[in-house]
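The values are calculated or read from the model by the stated rules, or taken from the named source; none is laboratory data. The structure presented is a predicted model; accordingly, all values stated were derived computationally and were not measured. Glycine also receives a Cβ, built like all others from the backbone with ideal geometry; neighbour counts cover every protein chain displayed. When the accessible area is computed, the model is the full protein with side chains, heavy atoms only, and any ligands, DNA or RNA have been set aside. Shrake-Rupley method; radii C 1.70, N 1.55, O 1.52, S 1.80 Å.
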Amino acid sequence: MSNRVLMKGNEIIGEAAIRAGCKLFFGYPITPSTEIIEYLAKNLPKAGGTVLQAEDEIGAINMCYGAACTGTRVMTASSSPGISLKQEGISYCAAAELPVVLVNVNRTGPGLGGLGPTQSDYFQSTKGGGHGDYRLIVLAPSKAQELYDFTLEAFDLAEKYRNPVLILTDGFLGQMMEPVELKEKPTSPEVDKSWVVDGARGREKRIIASYSLTNEIGEANNLRWEAKFNGIKEKEQRWEEFYADDAEYLLVSYGTTGRISKSVVLNARKKGIKLGLIRPITLWPFPEKAFIPYKNKIKGIVTVELNTGQMIEDVKLAMDCCVPIYLYRRQGGMLPTETEILEFLEKQFKLSTEEV
Amino acid sequence: MQKVFGRPKGLTEVAFSFCPGCTHGIIMRLVGEVLEELEIIEDTIGVSPVGCAGFCQDFFSCDFVGAAHGRAQAVGTGIKRALPDRIVFTYQGDGDIAAIGTQHAIHTAARGEKITSIMVNNAIYGMTGGQMAPTTLEGMKTSTSPYGRDLVINGYPLDLPKTIATLDGVKYVASVSVDSPKNILQAKKAIKKAFQVQQAGLGFALVSVLSTCPTNWGLSPVDSLKWLRENMMPVYEMGELKVAEEVKNL
Ligand SMILES: Cc1ncc(C[n+]2csc(CCOP(=O)(O)OP(=O)(O)O)c2C)c(N)n1
Ligand code: SF4
């Protein structure tokens, strides 16, 4: 039986969270993420869960922190200014190694910004965001089905690594209507829950905290986290390749622009330009492995981003800057057209064959 | 021979690390006794703040979660919503609950969150070395009010329990002191009631306890108690500030 339905992006995230067994959602409304809390307010109680609208985003993330300490599946969602407010709490969740699922429906900034699609929070998402040396696992869906699948999986990943997982989308993905197959969730792998606090019944008391005034202990903690992050880097890099095999040029783009870039590739191929696409799916860990086969093979790269050029730094590192790498960007909520991206590529690499 | 005085089971064997004469130790002991008497040690999850109060996570024998500065009640809310049949309490300094955590103090109370909060009011930031707190008294010298708290510059001290007592979701609020044996008994009664309110599933309960900080007040332990009595007790409304009808029948 097909379970294919037409749903709004944000609602898909809500539905997937329920099906993933999320029992608690703490949030504070902010456009363009609000449909997530609204959808869950309506539907999570029917599944035996609770939605609590917190006093602010700081309250919401700290409620998540508390709930996650009990081993309960918990999520919060917001948009950029709200995610900024959550950063302290996210840092604490990372330090206490808590499996919290976070959603950022990225809106433009800095400041209050606007509601249009943007990728301005790439640095904030992948390089820490809050204080201290931690990483979030960052998933970047680019279509309805991925909003669903990645949300389902985010809960497993968070528990597997005892680390917060961030789903990074934007207003375009959040507001669009697209068919999605509401697949049954595969059973989650058994995870160790011997760390949770739920009352010391017949066992030693447990403390979940992140305070250490002894530098030696502090370093031991950092080394333990580093080892975890290295393990995630090794095992969890994900990306999609599209016409990349024989490509002479590559676009690198994720999320909304990853979608647009696919059409650009098809258009270029029609014109005889051997263009391919690498679409990062995990933004952290950044899929460095994807680039290895192309290092001495291609002639150049264009990253397509909705910011001043953030992911391009990771692409340059992954490529060891061995080919020219250019940025094509739009900002402030504007989306590039397929034509303008292709024109940029042709101009940078002097590929314009037609208009001589 | 019968043992008449010992460590309550609600406390671990870890020795208190407070400065001499600091009444944090008395307050923690009272909470420890209450946990034992109500037989809730194994059902309880405590939330510790940042500050001298934060060391409590090592001293209580129940499970504990360490929160960020000011966030203990939001963290407690998350725990309680996940495990409604457990007892959840926060133990926070006045800076933690009445300055950086004020939004949670107000809204945890307004929601009638079924948790218990213990606020320790020593009119100063203890851990960070004696800076001005929202509870610092008029004219009181601290390292960030070296000429004394000036109401024009710094505003008035905040009597948080009094504010919290006005909110509907709140079932019990008391402001007590541990400066004398008599007051210690009163304080324990209030703390016990605040936990019983939660056991009965009634709503939010807050007990504020006036406490000394001899180190940062620059006074001897004995003089500190005297100072508390003479200066803090007249400013902060003392006694049971709110006892909801349902609580009277407990
Ligand atoms: C976000 C943040 N800001 C500031 C601090 C520094 N700080 C630690 S404890 C504290 C105040 C503690 O005072 P209080 O809550 O009254 O507790 P006490 O130490 O007196 O028990 C401050 C300002 C911090 N840890 N985190
Ligand atoms: S600094 Fe003050 S509050 Fe902290 S332990 Fe010493 S006396 Fe107590």
query = What's the FRET efficiency of B:T144 with A:E313 using the Cβ-Cβ distance as r and R₀ = 45 Å, to the nearest 0.05?
reply = 0.65
request  = Hey, for a label at A:K42 modelled as a point 7 Å past Cα toward Cβ, could you say which residues of the stretch A:1-26 have their backbone N under 20 Å away?
outcome  = A:3-26
ask   = On average, how many beta carbons from a partner chain sit within 10 Å of the beta carbon of a residue in A:92-104?
value = 1
request  = Two decimals is fine: what is log10 I(q)/I(0) at q = 0.08, 0.10 Å⁻¹ for the protein assembly as shown, from a Debye sum with one equal scatterer on every Cα and no solvent?
outcome  = -0.62, -0.88
Computed accessible area, B:K248, all protein chains, 1.4 angstrom probe, square angstrom = 120 Å²
request  = Using a 1.4 angstrom probe on the protein heavy atoms only, line up A:H131, B:H107, B:H69 by accessible area, largest first.
outcome  = A:H131, B:H107, B:H69
inquiry  = Straight-line reach only, C-alpha to C-alpha below 18 angstrom: list the lysines that B:K192 could link to, leaving out same-chain residues fewer than 8 apart.
reply    = B:K9, B:K114, B:K171, B:K182, B:K242, B:K248
note = Reduced to Cα centres, the span from the stretch A:312-356 to the stretch B:180-244 in Å works out to 66 Å
note = Amide H contacts under 5 Å for B:G70, restricted to residues at least 5 apart in sequence or on another chain and with H modeled in the peptide plane, are B:V50
ask   = Quick one: helix A:338-348 against the long Cα principal axis of chain A, what's the angle to the nearest 10°, folded into 0 to 90?
value = 60 degrees
At 1.306 mPa s and 10 °C, Stokes D of the stretch A:92-175 from Kirkwood alpha-carbon radius, µm² per second = 120 µm²/s
Dimensionless Rg ratio for the stretch B:77-152, taking C-alpha atoms and the 2.2 N^0.38 Å reference = 1.34
query = Taking the Cα-to-Cβ direction at A:K235 and at A:E216 and moving 7 Å from each Cα, how far apart do the two end points lie in nm?
reply = 3.1 nm
task = Would you mind estimating how fast the stretch A:1-116 diffuses translationally, via Stokes-Einstein at 20 °C and 1.002 mPa s with the Kirkwood radius over Cα pairs, in µm²/s?
result = 150 µm²/s
The stretch A:255-309 versus the stretch A:194-213: alpha-carbon centroid distance in Å = 46 Å
remark   = Ignoring ligands and nucleic acids, A:E204 exposes an accessible area, probe 1.4 Å, in Å² to the nearest 10, of 150 Å²
key: B:N154/A:I292 FRET efficiency (R0 60 Å; Cβ-Cβ; nearest 0.05)   = 0.50
ask   = Any idea which of A:V304, B:V222, A:I260 is furthest toward the positive side of the dipole for the protein assembly as shown, if Lys and Arg beta-carbons carry +1 and Asp and Glu beta-carbons -1?
value = B:V222
ask   = Residues of the stretch A:167-204 with accessible area at least 30 Å² lower in the all-protein-chain context than alone (1.4 Å probe)?
value = A:V197, A:D198, A:G199, A:A200, A:R201
ask   = P(r) tail for chain B, what percent of Cα pairs lie past 28 Å?
value = 25 percent
query = Over the stretch A:239-348, what per residue volume does the convex hull of the Cα atoms give, in whole Å³?
reply = 87 Å³
key: Portion, in percent, of the accessible area of the protein assembly as shown that falls on carbon or sulfur, probe 1.4 Å   = 53 percent
query = In units of 2.2 N^0.38 Å, what is the alpha-carbon radius of gyration of chain A?
reply = 1.02
query = Sorting A:D156, B:D223 by accessible area (1.4 Å probe), largest first, what list results?
reply = B:D223, A:D156
inquiry  = Could you work out the percent of alpha carbon pairs in the stretch B:11-116 separated by over 17 Å, rounded to a whole number?
reply    = 50 percent
inquiry  = Based on alpha-carbon atoms only, what is the radius of gyration of the stretch B:104-250 relative to the globular estimate 2.2 N^0.38 Å?
reply    = 1.08
